[in-house]
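*Asks:* Following this message is one structure expressed as structure tokens.
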Amino acid sequence: MEIIIITLVFIILNGLIYFFFRQKYVRFTENIEKQIDDFINGDFDKSNINEEQLDSKLSSKLYKLGNIINAKMEKNSQSKKEIQEMVSDIAHQIKTPIANIRMYSDTISNNDLSK
């Protein structure tokens with residue numbers, strides 16, 4: 001009879017422990033999911049980063065990752081802008097001599113040079 005009571009108490013305690021950690025896990029994953037959604041939408045909240053909890057540590061890493069990604073995106077955007085300006089300058093520099101060559105070619109082909 002004692003073994004049955006101990007077994008039942010053990011089963012009940014295991015159930016309670018499972019329920020407690022399951023709820024904690026669900027809250028943890030919901031918090032991380034919310035932080036990722038906020039990060040994606042651009043309203044990342046830094047207020048809970050200083051706490052010594054796992055989700056706060058992950059938030060801190062997400063915030064750092066976001067800063068790195070934003071810096072790389074800005075750098076890529078600047079590089080793209082510089083390349084576009086360089087191509088535009090090269091195109092402009094090439095058009096002027098070509099326009100002059102066409103003008104001289106048209107002048108030579110349309111006029112009688114024997115006069």
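Rule-based calculations on the coordinates, nothing more; no lab input. Keep in mind the model is a prediction, meaning the values are calculated, not measured. In this analysis, Cβ positions are derived from the backbone assuming ideal geometry, glycine residues included, and neighbour counts consider all displayed protein chains.
*Asks:* At 222 nm, what value in deg cm²/dmol follows for the chain if DSSP H runs of at least 4 each add -39500 (n - 2.57) and the sum is divided by all its residues, to the nearest 500?
*Replies:* -31500 deg cm²/dmol
*Asks:* Take LEU8 and MET86, extend 7 Å from each Cα along the Cα→Cβ direction, and tell me the distance between the two endpoints in nm.
*Replies:* About 8.1 nm, to one decimal.
*Asks:* If R0 is 35 Å, what FRET efficiency do you get for TYR18 and SER60 from their C-beta distance, rounded to 0.05?
*Replies:* Calculated transfer efficiency: 0.75.
*Asks:* Which of LEU54, LEU62, LEU16 moves the most in a Gaussian network model of the chain with Cα springs under 10 Å?
*Replies:* LEU16
*Asks:* If you don't mind, there's one more thing I want to ask. How much FRET efficiency would the formula 1/(1 + (r/R0)^6) give for ILE68 and LYS34, where r is the Cβ-Cβ distance and R0 is 35 Å, rounded to 0.05?
*Replies:* It comes to 0.95.
*Asks:* Dividing the convex hull volume of the Cα atoms of the chain by its residue count, what figure in Å³ per residue is obtained?
*Replies:* Convex hull volume per residue, Cα atoms: 160 Å³.
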